[in-house]
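Visitor: The structure is given below, and queries will be raised subsequently.
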Amino acid sequence: MTVKEKISLFPHAPGVYRYYDAEGNVIYVGKAKDLHKRVAQYFVSPDRLTRKTAVMVSRIADAQYSVVDSEADALLLENNLIKQYKPRYNILLKDSKTYPWICVSADEFPKVYLTRRFVKDGSRYFGPYSSVMHARNLLELFSELYPLRSCNLRITAEAVLRKKFRPCLDFHIGKCRGCCVGGISVKEYNDNVEEIVRLLKGGGREMIRHLKEQMTEAAAQLDFETAEEYRKKMVSLEKHYGKSLIVSSTIGSLDVFSLVFDTNEAFGNFMRLKDGAVIQSLNLGFKMNIEEEQSAVLGMFIGEIRLKFGELSREVLVPFMPDVRMDGVEFRIPVKGDRLALLELSLKNAKEMRFNALKQQEHTDPDEFRMKVMTELQRALGMKELPRHIECFDNSNIQGTNPVASCVVFRDAVPSRKDYRHFNIKTVVGPDDFASMKEVVNRRYSRMLREAPDDLPQLIVIDGGKGQLGSAYEALYELGIADSLTVVGLAKRFEEIIRVGDPHPLFLDRNSQALKVMQHIRDEAHRFGITHHRNRRSKAQIKSALREIKGVGEKTEQRLIMHYGSVARIAAASVEDMAGLIGKDLAQKVHDHLKCL
């Protein structure tokens, strides 16, 4: 039976399907609300498949399926099978951490401690915690509120009666009530443990209110010592929850998911709120080996979080709808208010993860990093070709004096300094940036068309607004190459991208590598142009200061500059010192003239 014949028998039911290659290896695992319809899409219209997906389909030698009761079950089964088989073409999770749990042991006098091992021995586990620091802060809070034991002794009431143990240092310094020597009863000790369990289940706010009521009641009965104990516990809890990020007093308990996509990778952030406070936040990365729908990536992200942290909250905020539905869970896309602000906060975390991953890749794999940057820039500007060769132009003049322009060149997103060029403006009189830009662009590319027509850039960046961009485009149009490349302007004030014929500027994400490359090449053009302009002004000032002196020609000027280095040093030199270079009479004239400046 062929693969097409086999999938024609797949049922119209939710489940998970698996594709195998000729060697019997699982190459793809997918979930579906309707197995028959979903799998048929790969074979009914192969011309609509992307290149990578078409390659995968060509390697399918067998297909199998497993029917489940619901979409949620299909999501969990898919996640488990991907972890088991690690298929070549699936979304791969780029996270291999073991997250910590807080364990309440099953002893007669339970211990509360941090662990990364989940053992089914009757103990109660809470977590996992995405931040080990957060888990340790909780344990410090519990130690402050309820001095429990930290030892590994097997303490029972019978052993305590037989006086089998001696108190340790923790007892003497007040960090433990001494359950091993009868310092606290089994009931009181376990009552403290149950209060800790309530805190671990997210009842912090409720506990603060309860302690406040107990404090007020004890104070009314003039039991000020007990009231003070309640007050200390309440203050400790308020201090701890004050460190949590409080989003809004009107938001209860919910989960938030956000995703940022970058070529064949995705970066996600998950946040969990209890009583309006963020108690968990986790970033995860995903690598997509074939083109996947964004909703499918979000669905896998949700499934991974459900495996790590248990059932989702009843309300889940998402940037777009996932490809899965779950009973008792409402997925919402917020459009305003606190919930939208919360989703934007999560998105900010995901973008930060993406930025850090790119920065790390810049050092570990610079070629791949530069390819990603160019791809991002191509997509942002809507270019047909990858901008491997970029050139940027900038004009420099001060009140029309010594007008110059600079052209800097980036190849594969890095400066190619050997290709930098300076231009002295020849045909424009006065401070006319538009005409100067047209002259420079025309000179640059008319020469390039004559000498290296195959080396034209894919992208030209003009440092300036619509006027400079229009002049540059006019020069390119007259040369007949305006349609074969992309030319844009980069305005300095708001870092906005100006495009020819588009009345609305384009604003790139301020954290994007695409904008950083544009800023880098613009700043490099500015620096290069200013340096050249400054050198020309200096030479002009030297020339005017010395050449005004009767008897000083080009050779005399060069001799003085070479010896003294600057006009200021020449002015400070004595007549006797200069006389050895240019003669006593001329030295006296130079000294008198420069002294009057």
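Throughout, read-outs are computed from the coordinates displayed, never taken from laboratory work. Model, not experiment: these values are computed from the prediction. All Cβ positions, glycine included, derive from the backbone under ideal geometry; neighbour counts span all protein chains shown.
Visitor: Once the piece of chain linking Arg510 and Asp107 is laid out straight, how much longer is it, given 0.36 nm per residue of separation minus the C-alpha distance between them?
Guide: Taking Arg510 through Asp107 to full extension adds about 139.6 nm, to one decimal.
Visitor: How many angstrom lie between the Cα centre of segment 142-159 and the Cα centre of segment 266-323?
Guide: When both Cα centres are located, 38 Å separates them.
Visitor: Next up: Please name whichever of Val260, Leu476, Leu92 sits farthest to the positive end of the charge dipole of the chain, dipole taken about the Cα centre and charges placed at Cβ: Lys and Arg +1, Asp and Glu -1.
Guide: Checked the options; the winner is Leu476.
Visitor: Which of the peptides 135-147, 583-595, 457-469 is most tightly packed, and how do the rest follow, going by the mean number of other Cβ atoms within 10 Å of each residue?
Guide: Highest mean packing first, the order is 457-469, 135-147, 583-595.
Visitor: Roughly how big is the chain's charge dipole about its Cα centre, with Cβ charges of +1 (Lys, Arg) and -1 (Asp, Glu), in debye to the nearest 20?
Guide: Here the size comes out at about 1300 debye.
Visitor: Would you work out the charge dipole size for segment 3-90 about its Cα centre, treating the Cβ of every Lys and Arg as +1 and the Cβ of every Asp and Glu as -1, and quote it to the nearest 20 debye?
Guide: Dipole size: approximately 340 debye.
Visitor: Rounded, prolate or oblate: pick one for segment 3-90, where a ≥ b ≥ c are the square roots of the eigenvalues of its C-alpha gyration tensor, a/c under 1.5 means rounded, and failing that, prolate if a/b is larger than b/c, else oblate.
Guide: oblate
Visitor: Among Met383, Met288, rank each residue by its count of other Cβ atoms within 10 Å, from fewest to most, as a rough exposure measure.
Guide: Met383, Met288
Visitor: Still on this structure: Which of the listed residues, Val186, Leu77, Val414, is farthest toward the dipole's positive end in the chain, when Lys, Arg count +1 and Asp, Glu count -1 at the beta-carbon?
Guide: Farthest towards the positive pole: Val414.
Visitor: Here's another thing I want to ask about it. Report the trypsin sites (Lys or Arg not before Pro) located in segment 142-213 that are in a DSSP loop and have at most 14 other Cβ atoms inside 10 Å of their Cβ, or state none.
Guide: Here the trypsin sites (Lys or Arg not before Pro) that fit, given the DSSP loop and packing criteria, are Arg154, Arg162, Lys163, Lys164, Lys201.
Visitor: What ranking do Val197, Val414, Val488 get, fewest neighbouring Cβ atoms within 10 angstrom at the top?
Guide: Ranking Val197, Val414, Val488 by Cβ neighbours within 10 Å, fewest first, gives Val414, Val197, Val488.
Visitor: Next question. Arranged by the count of other C-beta atoms within 10 angstrom, fewest first, what order do Thr2, Thr226, Thr486 take?
Guide: Thr2, Thr226, Thr486
Visitor: Oh, and also: I need the calculated FRET efficiency for the pair Gln294 and Asn137, taking r as the beta carbon distance and R₀ as 41 Å, to the nearest 0.05.
Guide: Efficiency for this residue pair is about 0.70.
Visitor: Moving on to the next point. Listed here are the pairs Lys438/Lys466; Lys83/Lys274; Lys233/Lys308; Lys348/Lys492; Lys111/Lys187; which of them are more than 21 Å apart at the Cα?
Guide: Going by Cα-Cα distance, Lys83/Lys274; Lys233/Lys308; Lys348/Lys492 fall outside the 21 Å limit.
Visitor: Tell me the angle of helix 554-564 to the major Cα principal axis of the chain, expressed in degrees between 0 and 90 and rounded to the nearest ten.
Guide: The answer is roughly 40 degrees.
Visitor: For the chain, just list the percent of Cα-Cα distances falling in each 20 Å bin from zero outward, please.
Guide: The distribution over the chain is 15, 30, 28, 17, 9, 1, given as percents.
Visitor: Could you sort 436-448, 570-582, 213-225 so that the peptide with the highest average Cβ count within 10 Å comes first and the rest follow in order?
Guide: Answer by packing, highest mean first, reads 436-448, 570-582, 213-225.
Visitor: Also: Kindly provide the helix-only [θ] at 222 nm of the chain, computed as the sum of -39,500 (n - 2.57) over DSSP H runs of four or more divided by all residues, to the nearest 500 deg cm²/dmol?
Guide: After summing the helix terms and dividing by residue count, I get -15000 deg cm²/dmol.
Visitor: What percent antiparallel are the DSSP beta bridges of the chain, to the nearest 5?
Guide: In the chain, approximately 80 percent of DSSP beta bridges are antiparallel ones.
Visitor: Considering only DSSP beta bridges whose two residues both sit in segment 377-535, what percent are antiparallel, to the nearest 5?
Guide: Percent antiparallel among DSSP bridges in segment 377-535 is about 70.
Visitor: Ok, one more. Rounded to the nearest 0.05, what FRET efficiency do Lys584 and Asn424 have when you use their Cβ-Cβ distance and R0 = 45 Å?
Guide: After rounding, the FRET efficiency stands at 0.70.
Visitor: Now a separate question. Based on the Cβ-Cβ distance from Leu340 to Glu368, what FRET efficiency comes out when R0 is 30 Å, to the nearest 0.05?
Guide: Computed FRET efficiency for Leu340 and Glu368: 0.30.
Visitor: Can you tell me the dipole magnitude for segment 60-184 around its Cα centre, using point charges on the Cβ only (Lys, Arg +1; Asp, Glu -1), in Debye to the nearest 20?
Guide: 860 debye
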